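> The structure follows.
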Amino acid sequence: MQGLEVRGLSKRFGGLTVSENIDFDLKPGDRKALIGPNGAGKSTFSNLVTGILPPSSGTIRFDGVDIGRLNEAQRVKRGIAKTFQITTLFRDLTVRENLRLPILERQGRGYSMFRRADGNGETEAEVAALIDQFALEPLADKRVADLAYGQQRLVELALTLALKPRALILDEPAAGVPSSETHLIVQAIEALPPDLAVLIIEHDMDLVFRVAAQIVVLVQGRILTEGTPQEIAANAQVRELYLGGHRHD
Ligand SMILES: Nc1ncnc2c1ncn2[C@@H]1O[C@H](COP(=O)(O)OP(=O)(O)OP(=O)(O)O)[C@@H](O)[C@H]1O
């Protein structure tokens, strides 16, 4: 199978089972969201897939190859990337300078080659394409520290795309972004390459329902259900989960 194929994935921390027998597919072109209450195990699942955490049992395949024993960097090389955390942006460098770094890294040229990269046409063309894709032109020569938070998250997304992933995990892309700026994130997700496999882990249901074609609901480490946004919105168990305790009927 092309893409990500997770079977029987479980993770226990001591006596606590945080992921339980998860089967999950993410194919090229998918736009899937993973939702669930606090502590459902969403971050743990993402950390298992990206290789940050070792599973207790189960298999993870990518394009048919077992990647369960690869570390995080090796999985990134295979094409599985998670959005960088904002702290990995170099706040005193400009957007353009930040974007050069993962491209050089991918080319195996490392950060020490940074200065020479100014004259590297191939790198600059890639940087320009990313700036264009994420409509960052007006911000390209500003320091990241001087950007609005939503704009910083866009740069973070552009940085991750510079790694040329084939599967992308967006871990809470709208977290901390003021509602006046969430449209930037939605637009950026909509502009992702169509054949990229995308998994969005997000609390903002507005955003989830706008960008996801499929939604997976995780509860206490298990998949409760999976379906289209319409199916999930109509699911009584999911409604209970999100509205439970606040209903007045
Ligand atoms: N390293 C760890 N050691 C022990 N327990 C952990 C560890 N990491 C996570 N947990 C527990 O696993 C459960 C799931 O946590 P996780 O962060 O994956 O949930 P989540 O769905 O991402 O939550 P949130 O929406 O709040 O981010 C929680 O009960 C958490 O306390």
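> Search the stretch 19-51 for residues being over 18 Å from the mean Cα position of the chain (by Cα) and open to solvent by less than 20 Å² (accessible area, probe 1.4 Å), and hand back the single one that is nearest to the ligand (Cβ to nearest atom).
By that ranking, first place goes to S19.
> Which numbered condition in (1) in contact with a helix residue (DSSP H, G or I) (Cβ under 6 Å, 6 or more places away or on another chain); (2) more than 28 Å from F24 (Cβ to Cβ); (3) free of Cβ contacts under 8 Å to residues at least 40 places away in the same chain; (4) not polar (S, T, N, Q) is the only one that P138 fails?
That leaves (1) as the condition not met.
> When K11 is evaluated against the numbered criteria (1) within 16 Å of the ligand (Cβ to nearest atom); (2) closer than 14 Å to L168 by Cα, which criterion, by number, is the only one it fails?
Among (1) within 16 Å of the ligand (Cβ to nearest atom); (2) closer than 14 Å to L168 by Cα, K11 violates only (2).
> Right, something else. Name the strands (runs of 3 or more DSSP E) wholly within the stretch 138-244 that hold at least 2 residues that are open to solvent by 40 Å² or more (accessible area, probe 1.4 Å) and either of a type in the set (S, T, N, Q) or under 23 Å from D23 (Cβ atoms) (or both)?
222-227
> Of the conditions (1) in contact (Cβ under 8 Å) with a residue 60 or more places away in the chain; (2) over 22 Å from I201 (Cα atoms); (3) in a loop (DSSP other than H, G, I, E, B), F90 satisfies every one except a single condition; which number is it?
Just one mismatch for F90, condition (1).
> Same structure, new question: Output the residues belonging to the stretch 52-85 that are within 16 Å of the ligand (Cβ to nearest atom), closer than 30 Å to A145 by Cα, in contact with a helix residue (DSSP H, G or I) (Cβ under 7 Å, 6 or more places away or on another chain) and not acidic (D, E).
Selection gives I52, K82, T83.
> Hey, another quick one. Does the stretch 60-72 include one or more residues that are among the hydrophobic types (A, V, I, L, M, F, W, C) and modelled with pLDDT under 95?
The first filter runs over the stretch 60-72 and keeps only residues among the hydrophobic types (A, V, I, L, M, F, W, C), leaving 60, 62, 65, 67, 70.
Still in the list and also modelled with pLDDT under 95: none.
No, there is no match, as no residue in the stretch 60-72 is among the hydrophobic types (A, V, I, L, M, F, W, C) and modelled with pLDDT under 95.
The values are calculated or read from the model by the stated rules, or taken from the named source; none is laboratory data. Not measured: the values here are computed from a predicted model. Ideal geometry is used to build each Cβ from the backbone, glycine not excepted, and the neighbour counts take in all protein chains shown. When the accessible area is computed, the model is the full protein with side chains, heavy atoms only, and any ligands, DNA or RNA have been set aside. Shrake-Rupley method; radii C 1.70, N 1.55, O 1.52, S 1.80 Å.
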